[in-house]
Structure formats: structure tokens, C-alpha cells
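Remarks on the structure that follows.
Computed from the coordinates by the stated procedures, all read-outs in this text should not be read as laboratory data. These numbers come from a predicted model, not from an experiment. Reconstructed Cβ throughout: ideal geometry from the backbone, glycine too, with neighbour counts over all protein chains shown.
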Amino acid sequence: DKNGMILAREFDIVLNSGAYTDNSPLVNSKTANRCFGPYRIPALKVRSRSAFTNTVPASSLRGFGAPQGNIGGELQMDEAAKQLGIDPVELRLRNLVGPGEVLIPGRRPLDADLKEDLRCLVQSLGWPGTGAATVGFGVSASDAGAYPTSTAAVRIHSDNSITLFTGSTELGQGSRTVLSQIVAEELGVPLDRVGTVGGDTGVVTYERTTGASRTTTVTGRAVQEACRDARRRVRDLAAQVFDRARIEDAPAGVSVKGKEYSYGEVIERWFGAGGEVLGHGAVRKADGFAQMPPFWEIGCSGVTLTIDRETGVVKIDKLATVGDVGYAINPALVHGQELGAATMGMGAALREELIYEGAQLVNSNVVDYRVPRFSDQPREIDLMLAEREDGAGPFGAKGAGEGAGNTIGSSVAAAIGRAIGVFPHELPATPERVWRLLRDRDERARR
């Protein structure tokens, strides 16, 4: 309406699935769930379809349908703000769902404060200000497709070292480090006393999958439960060793009549020599994970950019993200995930596309298919963390790794639109496309 309150939204989505199905129908459904954004919408209609074409098959990628839907949804918010004469930040603030509100009926209430996240983001980007004409930003909330099934085991040895068994796979995202940190924190031992066994399904415990930003939240909770089970078992042994004396938990073992004993000391006393205790942990769709999704993956990122009016080349000068992760168990790894997701988003927004001549793909290698390089990174990067301990994972943590990239496409498109007065409706914003937008704009002005 004239006050900027959303009354209704309608989306009609067609995704190119390529020559055969693969995982595209699921991506399609997620695009439909994620396109309308974290806003209060009294009336909503979404139609989402897959088109089969004589091209390479399409499947899931980081963000899982969210970046595609977010481009249309957030760009519409910017265009509506322009038509209504309302600040685009204010338009969003008026309509954003707040913490604890229901975004999708029957789903977990929102576990984030997007209004505060957005305020932090635009302040970093200098909005409003003299450079506001080159700023773009966006927000999103994705229903994480992380089904909450996970198991873990923790073995405490008599030398007080600990081995974690997990089916979660280390892909370079840092899961082994974070899960080890959870063990160290739960059991009160130095991190260098924790070892991890993974990757061998004949040895490790069951894990549903490594993906959907689930490892810290879901697997981490199973690891927590395994640690607590192991601690209980050591306490039971201590009750036998010390003849039913009053046993209390100590930071790194047990306390008996005011004297502390490490886990290893209790184990060695019970066995006589050597020995170990094994704790098991499991997570299922119950308790803290009874409602899906297990957490909302929050996207809140933006850019400032410069455009060469002669060539159409777009250069991102500053990237800012707000990682609403509940609690960053390892801030450096979270920053790495945020920057990685945002960099992939910048690649998709500015360069990456499959080019065909007739039915022939002509850029099927990394020479012709241009992905971001280190030299393409913005001069200024501000990776902020919002830690409100409002997640269902260990210590209030939530998943990270996809959200920052979900809103980069819409942010780049919005910044280009503000800079040249015409919002692009096609990405990537290659130099040729931007140059054509400038040319067409100038031709219309001369008429």
C-alpha cells in the first residue's frame, strides 16, 4: 500500500533443469520456499516449474535455490521502494518478520533478528550517505534442509586423551576443528587432547549427510550428547571406585570430597590398568529439533561498487556481511565460510554463466568459464557476526556457510540499478549487459 506495507506477492518461477532431472525438482521447491523473503505477507502465491532443455543438467549448488529466488524477491523490494519514494531500508524494516514470529505456517519460528542485522549492514556500507547511489543490499531467511538425524561417539582413554568418532566428512569447511572444540569445551580438556576419526563408514557412527549447513548445529548436538554420556559413565565408575561417596562433576573429571580426579584417573582406578569409557550421542526429530527447519539460514550482505560507463565493467569496492550464526564456535572458520559464500555469489552475479552456440556449450573449462580470482576481491571487506545464542545447536549456534551468498546477486543488481538508474533484470551483469543498459537508457533520454 502507499505506506509501504506488503499486502500480497505473486511469483512465477521457471528454472532451466537441463536435459534430465538430477536434483533440480528439489532445488525448484526450495526456490519457491525462499523467493518471497523474510517478510510479513498476508496473501502469497508462488508457482514454480522446471523446464527441460537440450542443455547440460542443472542440480544443487551452495544456497540450494535461495540465490535464484532472492534476486527476484529483493529486487522487487528495491523497485517498489523507488516507485513509492520510500527508503529501501525503511521499506524492509516495516515488513520484516521479527524474532520468534512465524515465517511459514507450521515451521519453526524465526530464530534471528533481521532488523538489527540489516541496520548493522547498511551502517557498514555507509547508507544513507554520499555514496548511497552505489550501494546494494539484501536479506533472506532460508529454511535449512538439514534433517536432524545424527549420531556420534566419544572415547575417553586412561591417559586422559579423547577420541571423537563422527560420520561427518571434513571437506575443508573446518568441521573436524569445530567438533573437536565442542568436545574440548564439554569435557574441559585442552583441544590438543582431542583426536577425531572420520571418513570410514566401517568405523564411525551414522551420519545422515554432510551438507545443508548442518554440521555445527545437528552433528554438534550429537557430539555434545556423546560427551555428556561419557561424563555420566565416568561418574558411575567413580561411584564404584570411591565406594558410593558423593560424586560431583568437576570441570575436567569428577570431584570426590573436594578432591578432583581426571577422567583418566577414574578409568585407570576402575580397570586397574588401562581401559576406556565410550559415550554415545544421538539427535533425532524431537526435543529441540521437533520443528523443522532445525534453524533458519540467514542471509544479510551487501556491496558498494563502481561502474566504468565506457565499458560497462563493474568492480565491487566493498563487501559487507552479517553472519547471524547464534554463536561462532570458531569465528575464523565462520568468517571463511561467509567470505567463501559471498565470493561465489559475486562470481554468479558478475561473470559465471554457461554460453551456447546453438546446442554446443562453448565455455566448458575454467579458462573460458570465469570464476572469481583473488584479484577480484573487493578492496574492503567487513565480515560481521551477530551472536545472540538463539540457535538450537551447541551453545546456541546455528548453521553458517550459505547465507552470505544468497543475497549477493540481488545486492549487485540493486547497486547497479541505483548507480545508472536502471535495474538489471538479467544476471550475470557482464560488461556487455551493463553497457547495453547504459546505451538503452541514454537512447530513451534523447527521445
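Helix 175-187 and the longest principal axis of the C-alpha atoms of the chain enclose an angle of approximately 40°. Charge dipole (Cα centre; +1 on Lys/Arg Cβ, -1 on Asp/Glu Cβ; no other charges) of the range 13-98 amounts to roughly 260 debye.
Peptides 320-329, 421-430, 235-244, 140-149 ranked from most to least packed by the mean count of surrounding Cβ atoms within 10 Å: 320-329, 140-149, 421-430, 235-244. Within 10 Å of each candidate Cβ there may be at most 16 other Cβ atoms; applying that plus a DSSP loop requirement, which trypsin sites (Lys or Arg not before Pro) in the range 271-367 survive? Sites meeting the loop and neighbour criteria: 284, 285, 309.
The angle between the Cα long axis of helix 66-84 and the main principal axis of the chain comes to about 50°, on a 0 to 90 degree scale. Packing here is the average count of other Cβ atoms within 10 Å per residue, and on that basis the peptides 62-68, 132-138, highest first, run 62-68, 132-138.
Between amide H atoms placed 1.01 Å from N, distances below 5 Å from residue 249 occur with 255, all of them 5 or more places distant or on a separate chain. Between residue 197 and residue 185, the simple label model (points 7 Å from Cα in the Cβ direction) yields a spacing of 2.5 nm. In order along the range 202-215, phi translates into HN-Hα couplings of x, 10, 7, 7, 5, 9, 5, 5, 10, x, 6, 6, 9, 4 Hz, rounded to whole numbers, per the Karplus curve 6.51 cos²θ - 1.76 cosθ + 1.60 with θ = phi - 60° and x for Gly and Pro.
Straight-line cross-link reach from residue 257 at under 16 Å between alpha-carbon atoms covers no lysines, not counting any fewer than eight positions away in the same chain.
Checking the cross-link pairs 2/30; 2/45; 30/318; 45/318 against a 27 Å limit on the alpha carbon distance flags 2/30; 30/318; 45/318 as lying beyond it. Qualifying GluC sites (Glu not before Pro) in the range 356-400, where qualification requires a DSSP coil assignment and no more than 16 other C-beta atoms within 10 Å, comprise 389.
Helix 24-34 and the long axis of the chain differ in direction by around 80°, with both axes built from C-alpha atoms.
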